[in-house]
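Enquirer: One structure, as structure tokens, below. Some questions next.
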Amino acid sequence: MRRLLFSVAVLAALLSPLAFESADAYTLSGKVVHVADGDTLTLLSGRDRVRVRLASIDAPEIGHGRAQPGQPYGKAARQALADLVAGKNVRLHCYEQDQYGREICDVPLDDGRLASQALVASGMVWANQQGRGKYMRDASLPDLQRRAKQQHLGLWRDSKPVPPWEWRYKCWKALETGDRAPIC
């Protein structure tokens, strides 16, 4: 009996931090019906279309006309995400909504990895280090990014790729205010 109580106590101690960390987490299931860019997709969940932003990553920007030109590898990142998830039924692990009403989620793949891990490892997106890592939910991503960079994969073929959070500010904001935008 003592051994059983000890085992239960140990198990409870091990699981309690996990339960605390995931208390606000939730799941969404459905079919991926659209991939907007390298980090955003639309899920058909029942009759609802749900916009989803992949957690922990930031993809090169897709262009939105002359005022917001796209980045190198923006279309390649969108295609890489589409190759992983388009048309598939998925069960997402979600954390919260962003300021645009998108669900922030991890997208598990059939091989056990997350879509974000596959995209970072192939050099198609950045591990989102913006704001001192406040958007980072997957601690494995910076190491995957380092390896992709060392191997010159994807966007790391460029000598100085510009992270999307800098592109949005240095290019799009500069164009919006009429300032010179040398990185565009």
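The values are calculated or read from the model by the stated rules, or taken from the named source; none is laboratory data. What you see is a predicted model; the values in this text were computed from it and never measured. With ideal geometry, Cβ positions are generated from the backbone for all residues, glycine too; neighbour counts draw on all protein chains shown. Heavy atoms of the whole protein, side chains included, go into the accessibility calculation; ligands, DNA and RNA do not. Shrake-Rupley method; radii C 1.70, N 1.55, O 1.52, S 1.80 Å.
Enquirer: Which ones in region 64-93 are open to solvent by 40 Å² or more (accessible area, probe 1.4 Å) and under 30 Å from Gly178 (Cβ atoms)?
Expert: Within region 64-93, His64, Gly65, Arg66, Ala67, Gln68, Pro72, Tyr73, Lys75, Arg78 qualify.
Enquirer: Which is under 15 Å from Val120 (Cβ atoms), among the charged types (D, E, K, R) and exposed (fewer than 15 other Cβ atoms within 10 Å of the Cβ), of Asp158, Asp179, Asp138, Asp143? Quick ask: steps written out before the conclusion?
Expert: Numbers: Asp158 fails: under 15 Å from Val120 (Cβ atoms); Asp179 fails: under 15 Å from Val120 (Cβ atoms); Asp138 fails: exposed (fewer than 15 other Cβ atoms within 10 Å of the Cβ).
Selected residue: Asp143, the only one of Asp158, Asp179, Asp138, Asp143 that is under 15 Å from Val120 (Cβ atoms), among the charged types (D, E, K, R) and exposed (fewer than 15 other Cβ atoms within 10 Å of the Cβ).
Enquirer: Right, another one. What pairs come out if I take residues in region 87-99 that are in contact (Cβ under 8 Å) with a residue 40 or more places away in the chain and under 13 Å from Leu41 (Cα atoms) and pair them with residues that are surrounded by 11 or more Cβ atoms within 10 Å (Cβ to Cβ) and of a type in the set (Asp, Glu) whose C-beta lies under 8 Å away, six or more apart or interchain?
Expert: Partner pairs satisfying both residue conditions: Leu92/Glu103; Leu92/Asp106.
Enquirer: Suppose the filter is in contact with a strand residue (DSSP E or B) (Cβ under 9 Å, 6 or more places away or on another chain) and over 20 Å from Arg53 (Cα atoms); does Pro182 pass it?
Expert: No.
Enquirer: Here are the criteria: (1) open to solvent by 50 Å² or more (accessible area, probe 1.4 Å); (2) under 15 Å from the mean Cα position of the chain (by Cα); (3) under 21 Å from Gln71 (Cβ atoms). Tell me which single one Gln151 does not satisfy.
Expert: (2)
Enquirer: Could you please give the count of residues in region 100-111 that are free of Cβ contacts under 8 Å to residues at least 12 places away in the same chain and surrounded by 15 or more Cβ atoms within 10 Å (Cβ to Cβ)? Can you show your working first?
Expert: We begin by selecting, within region 100-111, every residue free of Cβ contacts under 8 Å to residues at least 12 places away in the same chain; these are 110-111.
If we keep only those that are surrounded by 15 or more Cβ atoms within 10 Å (Cβ to Cβ) as well, we get none.
Count: 0.
Enquirer: Taking Ala174, is it in a helix (DSSP H, G or I), without any contact (Cβ under 8 Å) to a residue 60 or more places away in the chain and touching a Lys or Arg at 6+ places or on another chain (Cβ under 9 Å)? Before you say what the answer is, go through the steps one by one.
Expert: Values: in a helix (DSSP H, G or I): yes; without any contact (Cβ under 8 Å) to a residue 60 or more places away in the chain: yes; touching a Lys or Arg at 6+ places or on another chain (Cβ under 9 Å): yes.
In short, yes.
Enquirer: Which members of region 112-135 meet the condition of being of a type outside the set (Phe, Trp, Tyr) and either more than 23 Å from Gln151 (Cα to Cα) or surrounded by fewer than 18 Cβ atoms within 10 Å (Cβ to Cβ) (or both)?
Expert: If we filter region 112-135 for residues that are of a type outside the set (Phe, Trp, Tyr), which is where we start, we get 112-125, 127-134.
Scanning region 112-135 gives Gly112, Arg113, Gln129, Gln130, Gly131, Arg132, Gly133, Lys134.
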